[in-house]
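Participant: Encoded as structure tokens, here's the structure I'll be asking about.
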Amino acid sequence: MKKILFFIPNLMHGGAEKVLVNLVNNLHIEKYDITLQTLFDIGVNKKYLKKNIRYKYFFRNIVKGNSVILKLFTPKFLYKRIIKDKYDIVVSYLEGPTARILWGCPYEETKKVSWIHIELNDEKLLSTGFRSFKEAKKGYESYNKIICVSNTVKQIFEDVSGIRENVEVLYNTNETEDIIEKSTENVEDIEFDKDTINICSVGKVIEKKGYYRLAQIHKKLIDEGLKHNIYIIGIGEDEDRIRKYLKENNLEDTYHLIGFRDNPYKYVSKCDLFVCSSYREGFSTAVTESLVLGTPVVSTLCSGAQELLGYNNEYGLVVENNEEGIYQGLKKMLTDKELINYYKEKSIERGKKFSKQNTVKAVEDLLDSL
């Protein structure tokens, strides 16, 4: 059995944390001895780990200023202090501090893999968790494989880092069967208006998700007489700003911040449309899950959007990444129910490409090749 470590800062409610749990839970238990380690022992996704996954953590809670503190020490010191054990393969499942720590692995026979989930658009972003861009480049060059979650993420990483060898694309793992099963549960806390188009989105309520500008677009559409409801499933620091805007513009009855839900799928499956209003994405887990559920998608042009929805809008609408683009995309859907029905069928078709079986096999092939 190959002894493998997956290392991530925490298991909070982000997309990368969720898909990592999905991945390790589905890797072949007779081929791999898996440990998942976090820097901080926090996060809702920890409870979803299967019993055969060994779980470790270093800090009980988040340490204030941890990113600065960690940079004071060498990667080799951090590996010996935090990771300690020897593995056949070590995987940093997020860019940044965990990548720097695993760079310090002292065992020459250990293979190293680094996962890149976001667009590292400049040297500053690529250097996150490292002391400098020079150090970051040296660190990433030490890895046997760099795995990017989309072709866009890969292209940007290669252009900014200058690293072009051993860089590959693997799509995120989603629990497709579980998603479909959970989507059939009844929604009891919301009564969806069957006479109105209901739009939803799932994600952290933070600036980069674009939910504030989505509220402004919602107002414009409502003012034009295009009735619809928007439901945002998630929590985050942008909530107060959005709630203030909704209250000032009398939109509290049509734009709903419903908070975090353990099972977002039952809401998504009962909505007519899913919107991704993000400024940036790596490869949207929420959009992928929406396709699996057959809920049509309007998404901004961010990393992974065209890979998911097609380069000519075959499986959903990809719009310019600005307010006008989102406005035009939603208006097109709101005024053409036949288009919604068309994309519902295309969504189901597309969702099959990202089945659990396909994505897990691709990762197993990678691990077996090292």
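The values are calculated or read from the model by the stated rules, or taken from the named source; none is laboratory data. The structure presented is a predicted model; accordingly, all values stated were derived computationally and were not measured. So basically every Cβ, Gly included, is an ideal-geometry build from the backbone, and we count neighbours across all protein chains shown. SASA here: full protein model, heavy atoms, side chains in, ligands and nucleic acids out. Shrake-Rupley method; radii C 1.70, N 1.55, O 1.52, S 1.80 Å.
Participant: Can you pull out every residue in the range 329-370 that is in contact with a Lys or Arg (Cβ under 9 Å, 6 or more places away or on another chain) and of a type in the set (Ser, Thr, Tyr)?
Facilitator: Ser369
Participant: Hey, another quick one. Filter the range 140-156 down to residues that are part of a loop (DSSP other than H, G, I, E, B) and open to solvent by less than 30 Å² (accessible area, probe 1.4 Å), then give me how many there are. It would help to see each step written out before you state the result.
Facilitator: Here is the first cut: in the range 140-156, the residues part of a loop (DSSP other than H, G, I, E, B) are 142-144, 149-150.
Subset that is open to solvent by less than 30 Å² (accessible area, probe 1.4 Å): 143, 149-150.
The qualifying residues number 3.
Participant: So, Ile222, is that one hydrophobic (A, V, I, L, M, F, W, C) and in contact (Cβ under 8 Å) with a residue 60 or more places away in the chain or not? Explain how you work it out, then say what you get.
Facilitator: Numbers: hydrophobic (A, V, I, L, M, F, W, C): yes; in contact (Cβ under 8 Å) with a residue 60 or more places away in the chain: no.
Here the answer is no, as Ile222 does not meet what is asked.
Participant: Restricting the range 225-254 to residues that are within 27 Å of the chain's Cα centre (by Cα) and touching a residue at least 60 places away in the same chain (Cβ under 8 Å), which is surrounded by the most Cβ atoms within 10 Å (Cβ to Cβ)?
Facilitator: Selected residue: Gly234.
Participant: Got a number for residues in the range 262-278 being under 17 Å from Gly14 (Cα atoms) and either small (Gly, Ala, Ser) or open to solvent by 30 Å² or more (accessible area, probe 1.4 Å) (or both)?
Facilitator: The qualifying residues number 3.
Participant: In the range 116-139, which residues are hydrophobic (A, V, I, L, M, F, W, C) and either open to solvent by 60 Å² or more (accessible area, probe 1.4 Å) or in contact (Cβ under 8 Å) with a residue 60 or more places away in the chain (or both)?
Facilitator: Within the range 116-139, the first condition is being hydrophobic (A, V, I, L, M, F, W, C), and the residues that meet it are 116, 118, 120, 125-126, 130, 133, 136.
Correct list: Ile116, Ile118, Leu125.
Participant: Of the conditions (1) open to solvent by 10 Å² or more (accessible area, probe 1.4 Å); (2) within 22 Å of Leu20 (Cα to Cα); (3) assigned to a helix (DSSP H, G or I); (4) of a type outside the set (Ser, Thr, Tyr), Lys112 clears all except one; give me its number.
Facilitator: Evaluating Lys112 over (1) open to solvent by 10 Å² or more (accessible area, probe 1.4 Å); (2) within 22 Å of Leu20 (Cα to Cα); (3) assigned to a helix (DSSP H, G or I); (4) of a type outside the set (Ser, Thr, Tyr) leaves (3) as the failure.
Participant: Further question on the same structure: Restricting to the range 63-76, what's the tally of residues that are over 12 Å from Pro97 (Cβ atoms) and at pLDDT below 95?
Facilitator: 2
Participant: So Asp159 fits all but one of (1) modelled with pLDDT of 95 or more; (2) open to solvent by less than 50 Å² (accessible area, probe 1.4 Å); (3) under 26 Å from Leu301 (Cβ atoms); (4) out of contact with any strand residue (DSSP E or B) (no Cβ under 6 Å at 6 or more places or on another chain); what number is the exception?
Facilitator: Among (1) modelled with pLDDT of 95 or more; (2) open to solvent by less than 50 Å² (accessible area, probe 1.4 Å); (3) under 26 Å from Leu301 (Cβ atoms); (4) out of contact with any strand residue (DSSP E or B) (no Cβ under 6 Å at 6 or more places or on another chain), the lone unmet condition for Asp159 is (2).
Participant: Six or more apart or on different chains, Cβ atoms under 7 Å: show the pairs whose first residue is in the range 42-58 and closer than 17 Å to Ile82 by Cβ and aliphatic (A, V, I, L, M) and whose second is at pLDDT below 95 and surrounded by fewer than 17 Cβ atoms within 10 Å (Cβ to Cβ).
Facilitator: Once the first residue is closer than 17 Å to Ile82 by Cβ and aliphatic (A, V, I, L, M) and sits in the range 42-58, its partners that are at pLDDT below 95 and surrounded by fewer than 17 Cβ atoms within 10 Å (Cβ to Cβ) give Ile42/Asn61; Ile42/Ile62.
Participant: Kindly state which strands (runs of 3 or more DSSP E) lie completely within the range 199-281 and contain at least 2 residues that are touching a Gly at 6+ places or on another chain (Cβ under 9 Å).
Facilitator: Once the strands (runs of 3 or more DSSP E) in the range 199-281 are filtered for at least 2 residues that are touching a Gly at 6+ places or on another chain (Cβ under 9 Å), what remains is 228-233, 273-276.
Participant: Which numbered condition trips up Tyr211, out of (1) over 30 Å from Thr295 (Cα atoms); (2) in contact (Cβ under 8 Å) with a residue 60 or more places away in the chain?
Facilitator: (1)
Participant: Within the group Glu345, Glu323, which residue is closer than 21 Å to His228 by Cα, open to solvent by 80 Å² or more (accessible area, probe 1.4 Å) and either modelled with pLDDT of 95 or more or polar (S, T, N, Q) (or both)?
Facilitator: None of the other options fit; the residue is Glu323.
Participant: Given the condition without any contact (Cβ under 8 Å) to a residue 60 or more places away in the chain, open to solvent by 10 Å² or more (accessible area, probe 1.4 Å) and assigned to a helix (DSSP H, G or I), answer yes or no: does some residue in the range 292-300 qualify?
Facilitator: No; the residues of the range 292-300 include none that is without any contact (Cβ under 8 Å) to a residue 60 or more places away in the chain, open to solvent by 10 Å² or more (accessible area, probe 1.4 Å) and assigned to a helix (DSSP H, G or I).
Participant: What are the pairs with Cβ atoms under 8 angstrom where one residue, in the range 302-330, is without any contact (Cβ under 8 Å) to a residue 40 or more places away in the chain and the other, located anywhere, is of a type in the set (A, V, I, L, M, F, W, C) and part of a loop (DSSP other than H, G, I, E, B)? Sequence gap at least six, or different chains.
Facilitator: Within 8 Å, the pairs are Val318/Leu301; Val319/Leu301; Glu320/Leu301; Gly325/Leu301.
Participant: Report, by residue number, each residue of the range 193-207 that is modelled with pLDDT of 95 or more and open to solvent by 30 Å² or more (accessible area, probe 1.4 Å).
Facilitator: Answer for the range 193-207, where residues must be modelled with pLDDT of 95 or more and open to solvent by 30 Å² or more (accessible area, probe 1.4 Å): Val202, Ile206, Glu207.
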